[in-house]
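Undergrad: First the structure, then my questions, so here it is.
The values are calculated or read from the model by the stated rules, or taken from the named source; none is laboratory data. Everything numeric here is computed off the predicted structure, so don't read it as measured data. Please note: Cβ atoms are built from the backbone with ideal geometry, for glycine as well, and neighbour counts cover all protein chains shown.
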Amino acid sequence: MFGYHIRRALIKALIVIAAAEPIMAFSLITAGSAATGEQRRAAIVIDDFGNGMSGTEDMLRLPVPFTAAVMPFLPMTKRDAEAAHKLHHDVIIHLPMEPKKGVKSWLGPGAITTDLSDGEIRKRVEAAIADVPYAVGMNNHMGSKATADERVMRIVLGVCREHGLFFLDSRTAWKSVIPRIGEELGVPVIRNSVFLDDVYTTSHIAKQLSVFDKRLNEQGTCIAIGHVGPQGKKTAAALSAAIPGLKRSTTFVRASDVVRRLLRDQLIIPNGISDGGGNPLLLARVD
Ligand SMILES: [Zn+2]
């Protein structure tokens, strides 16, 4: 599990990138490191492992550390999580959550839907965590409806806190309540700035990789999400081709490295980083 402890007596609030405007906060935190000439830090997250989807092996062979988001309760859940862990990638739980539009069967087993009771949601989140070995965090599969639901997210993030997991808000909903509730409960929340392959064409993926490159220049650190599945082989091929060039100016990191570094940076500059609205982002002690 993610190894940090929060000394409650010392904190008023713990929040990493979660705030009214997380991108702003993220930029504020990372702009300094870019300006001082440090290498850019790229965190690639690949969603939808666990079901033997196309591109799974290609992704696992990428020559840099990344974060594998593995869906629970599927035939390859354990195999993919173990393979990723063995290769020193991060494993996170890719929790299926109810979208505004779409068919429930797309969600897969154990999905979190807004019609479930508090007890059932908790049970399902606990079971998902138990089903994905080596997980250090969690993100949402779909979820435009569930991630905007305060009752649901309070339970999901509460269980994350109990297990020492961070949450990557994959931003399927503009009205996501994850940053605010993460802050309230003391769960580190990060989010991606780029989706690499929401359109399944090589030209779109190439375009998104150049957006990723630009964001890395602007932010210093940037999280991009890609997928195994129909577009998996194309995304893996595009990443394999781009990685040697990027490596000259970029360190590839895992999502947990991003969280750890943000916690550290904010400890070094206590109260010095705000969300632009005057709210301190982190008043936390990490042992
Ligand atoms: Zn997904």
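Undergrad: Can you pull out every residue in the stretch 223-241 that is more than 16 Å from the ligand (Cβ to nearest atom), touching a residue at least 60 places away in the same chain (Cβ under 8 Å) and surrounded by fewer than 21 Cβ atoms within 10 Å (Cβ to Cβ)?
TA: Listed by number, the residues that qualify are 233, 237, 240.
Undergrad: Go through the stretch 89-107 and give me each residue that's in contact (Cβ under 8 Å) with a residue 60 or more places away in the chain, in a loop (DSSP other than H, G, I, E, B) and under 19 Å from the mean Cα position of the chain (by Cα).
TA: The answer is 89, 99.
Undergrad: How many of the residues in the stretch 132-159 are surrounded by fewer than 21 Cβ atoms within 10 Å (Cβ to Cβ) and within 16 Å of the ligand (Cβ to nearest atom)?
TA: 2
Undergrad: Of the residues that make up the stretch 23-30, is at least one within 17 Å of the chain's Cα centre (by Cα), modelled with pLDDT of 95 or more, away from the ligand (no atom under 16 Å from the Cβ) and over 22 Å from residue 159 (Cα atoms)?
TA: Checked the stretch 23-30: no residue is within 17 Å of the chain's Cα centre (by Cα), modelled with pLDDT of 95 or more, away from the ligand (no atom under 16 Å from the Cβ) and over 22 Å from residue 159 (Cα atoms).
Undergrad: Looking at residue 185, is it more than 16 Å from the ligand (Cβ to nearest atom) and in contact with a Cys (Cβ under 9 Å, 6 or more places away or on another chain)? Break it down into steps so the answer makes sense when it comes.
TA: Details: more than 16 Å from the ligand (Cβ to nearest atom): yes; in contact with a Cys (Cβ under 9 Å, 6 or more places away or on another chain): yes.
Yes, satisfied.
Undergrad: Of the residues 154, 191, only one is of a type outside the set (Gly, Ala, Ser), at pLDDT 95 or above and in contact with an Asp or Glu (Cβ under 9 Å, 6 or more places away or on another chain); which?
TA: Values: 191 fails: at pLDDT 95 or above.
Of the residues listed, the single one that is of a type outside the set (Gly, Ala, Ser), at pLDDT 95 or above and in contact with an Asp or Glu (Cβ under 9 Å, 6 or more places away or on another chain) is 154.
Undergrad: Pairs only if they're at least six apart or on different chains, beta carbon under 6 angstrom, first in the stretch 47-64 and aromatic (Phe, Trp, Tyr), second within 14 Å of the ligand (Cβ to nearest atom) and assigned to a strand (DSSP E or B); list them, first residue then second.
TA: 49/68; 49/70
Undergrad: If the Cβ limit is 7 Å and pairs must be 6+ apart or interchain, which residue in the stretch 175-204 that is at positive phi pairs with which residue that is outside any loop (DSSP other than H, G, I, E, B) and of a type in the set (Val, Ile, Thr)?
TA: Listed pairs, sorted by first residue: 186/6.
Undergrad: Sticking with this structure for a sec: Restricting attention to the stretch 59-73, which residues are out of contact with any Lys or Arg (no Cβ under 6 Å at 6 or more places or on another chain) and either surrounded by fewer than 23 Cβ atoms within 10 Å (Cβ to Cβ) or of a type in the set (Val, Ile, Thr) (or both)? Before the answer, list the steps.
TA: In the first step, residues of the stretch 59-73 are kept if they are out of contact with any Lys or Arg (no Cβ under 6 Å at 6 or more places or on another chain); the result is 59-64, 66, 68-73.
Within the stretch 59-73, 60, 61, 62, 63, 64, 70, 73 qualify.
Undergrad: Check every one of the helices (runs of 4 or more DSSP H) wholly within the stretch 202-287 and list those with 1 or more residues that are more than 20 Å from residue 69 (Cβ to Cβ) and modelled with pLDDT of 95 or more. Explain how you work it out, then say what you get.
TA: Details: elements: 202-219, 232-247, 255-268.
Here the list reads 202-219, 232-247.
Every residue, every condition in (1) within 14 Å of the ligand (Cβ to nearest atom); (2) at pLDDT 95 or above, yes or no:
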site	(1), (2)
69	yes, yes
78	no, yes
82	no, yes
97	yes, yes
102	yes, no
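Undergrad: Take the residues of the stretch 171-201 that are under 18 Å from residue 262 (Cβ atoms), assigned to a loop (DSSP other than H, G, I, E, B) and of a type in the set (Gly, Ala, Ser): which is nearest to the chain's Cα centre (by Cα)?
TA: Taking the candidates together, the pick is 193.
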